[in-house]
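The values are calculated or read from the model by the stated rules, or taken from the named source; none is laboratory data. Nothing here was measured: the structure is a model prediction, and the numbers come from that model. Here Cβ is always computed from backbone atoms with ideal geometry, including for glycine, and neighbour counts include all displayed protein chains. Surface accessibility is based on the protein's heavy atoms, side chains included, excluding ligands, DNA and RNA. Shrake-Rupley method; radii C 1.70, N 1.55, O 1.52, S 1.80 Å.
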Amino acid sequence: SSDLLGGAPVKIVTMVHSPVSFSHDGREMAFVRYNEQTKEYQLVAAGVDGSAERILLTRTDRERLSLGLAWSPDGKFIAYESMDTNPTTSQGNCSIRAIEVATLATKGLSPERWDTCYRMAWTTNGEGLLFIGTRAGESLTTRRDQVYYLSVADGRSHRISTDGSRY
């Protein structure tokens, strides 16, 4: 029976352009939406049933939101990846930031710059983030798209994966 597999699928929200991250209590989800008409990227939070949708952050086409975000274990922050599409240099256009859900204040989690950064997840203790990234200037090397750990306390990252595979 289909009930054993969760029943019939039901569409709860549309225009989701990123992986979805769930709040610590499982009641809300967050995702990135791109509005083709206004050329805006929005970080959106909504109930898991699609209700109470609200826009937490809006960015223009020049500074866009990338394909990764992660709700912190304490529910206070959502980490996200900000991409500057017109950087002062040709490398390092991605940075890792966070928005405080209650106040909508944003902050950088690290001064480090990345050529790519995506698919992030908080550690269970909330002290750091795991993500896939390419350090500025390493896009054409075997060090691209590696797994990194970013310490929220000091904003420093270190690579966890050590092989030449892309993740």
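Numbers at a glance
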| item | result |
| --- | --- |
| Residue count for region 101-119, restricted to those that are in contact with a Pro (Cβ under 9 Å, 6 or more places away or on another chain) and open to solvent by less than 20 Å² (accessible area, probe 1.4 Å) | 0 |
| Hits in region 123-138 (condition: over 15 Å from ARG159 (Cα atoms) and open to solvent by 40 Å² or more (accessible area, probe 1.4 Å)) | THR124, ASN125, GLU127 |
| The lone exception for SER51 - which of (1) in a loop (DSSP other than H, G, I, E, B); (2) open to solvent by 60 Å² or more (accessible area, probe 1.4 Å); (3) farther than 21 Å from HIS158 by Cα; (4) not basic (Lys, Arg) it fails | (2) |
| Search result, residues across region 158-167 that are surrounded by 12 or more Cβ atoms within 10 Å (Cβ to Cβ) and outside any loop (DSSP other than H, G, I, E, B) | ARG159 |
| Set SER66, SER18: member being within 28 Å of LEU130 (Cβ to Cβ), among the polar types (S, T, N, Q), part of a loop (DSSP other than H, G, I, E, B) and at pLDDT below 90 | SER18 |
| Cβ-Cβ under 7 Å pairs, at least 6 apart or on other chains, region 127-147 side on the phi > 0 side of the Ramachandran plot, far side part of a loop (DSSP other than H, G, I, E, B) and open to solvent by 10 Å² or more (accessible area, probe 1.4 Å) | GLY137/GLN91; ASP145/ARG166; ASP145/TYR167 |
| Filtered residues of region 30-48 (kept if in a loop (DSSP other than H, G, I, E, B) and surrounded by 13 or more Cβ atoms within 10 Å (Cβ to Cβ)) | VAL48 |
| Selection within region 78-93 - part of a loop (DSSP other than H, G, I, E, B) and either modelled with pLDDT under 70 or under 18 Å from MET120 (Cα atoms) (or both) | ASN86, PRO87, THR88, THR89, SER90, GLN91, GLY92, ASN93 |
| Filter result for the condition that a residue is open to solvent by less than 50 Å² (accessible area, probe 1.4 Å), touching a residue at least 40 places away in the same chain (Cβ under 8 Å) and under 27 Å from ARG27 (Cα atoms), over GLY68, GLY155 | GLY68 |
